[in-house]
Amino acid sequence: MTKTISVLLAVLAGIFGVPAWAQMQVHDPMVRMVPPGQPISAAFMILHNHGMEEKILVKVHSDLASAVELHNHIMADGMMKMRRIDSVVIPGHSQVELKPGGLHIMLIGLSRNLQVGEQVSIELEFADSERLAVTAPVQMVKERHSHSDHTKHTD
Ligand SMILES: [Cu+2]
């Protein structure tokens, strides 16, 4: 009897025991290609929270850079400026996009030159100490908030 129950529990765990990592999913991760010698790059991705509870991204790790920071862009004195932020909140059943001109992961002090197509390992750390490994390809990324864009949109 006991054995039956434990087998049953094991089966149920297999069906319903959603692993912790399944709550957070990352879509379209990428690292911005930068010319050799340039010490700074950025990573972008969509953070999709499938769970009921909010997740808070508090830290990002990568051996590609000596410092990895969470940044946002804000308007200050009519200019877009980058600000370091402590965390990114992903509410339950929603997604947050890290993208050029918005929230992004800043890679400061690159340890090597990048190549388009190479895969970069990034680890996301959440407030509940869960960690999520992400593999992001290096890609050419267009700047969405360049000066020419601002000029175009100004009436
Ligand atoms: Cu930045």
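The values are calculated or read from the model by the stated rules, or taken from the named source; none is laboratory data. Everything numeric in this text was worked out from a predicted model, so none of it was measured. Positions of Cβ are backbone-derived with ideal geometry, glycine not excepted, and every protein chain shown enters the neighbour counts. The area values use the complete protein model at the heavy-atom level, side chains included, leaving out ligands, DNA and RNA. Shrake-Rupley method; radii C 1.70, N 1.55, O 1.52, S 1.80 Å.
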key: Neighbourhood net charge (9 Å Cβ-Cβ; Lys/Arg +1, Asp/Glu -1) for F44   = 0
query = Please state the relative contact order of the range 20-142 as a whole percent: Cα pairs under 8 Å, 6+ residues apart?
reply = 34 percent
message = If you only keep lysine pairs separated by 8 or more in sequence, or across chains, how many in the range 20-142 come under 20 Å at the Cα atoms?
response = 5
inquiry  = Just to confirm my numbers, what's the Cα centroid distance between the range 38-65 and the range 81-147 in Å?
reply    = 5 Å
task = Would you kindly find the accessible area of E54, with a 1.4 Å probe and non-protein molecules such as ligands, DNA and RNA excluded, rounding to the nearest 10 Å²?
result = 100 Å²
message = Give the residue list of trypsin sites (Lys or Arg not before Pro) in the range 67-123 that are DSSP loop and have at most 16 other beta-carbon atoms within 10 angstrom.
response = R112
ask   = Let a ≥ b ≥ c be the square roots of the eigenvalues of the Cα gyration tensor of the range 20-142; is it rounded (a/c under 1.5), or, if not, prolate (a/b larger than b/c) or oblate?
value = oblate
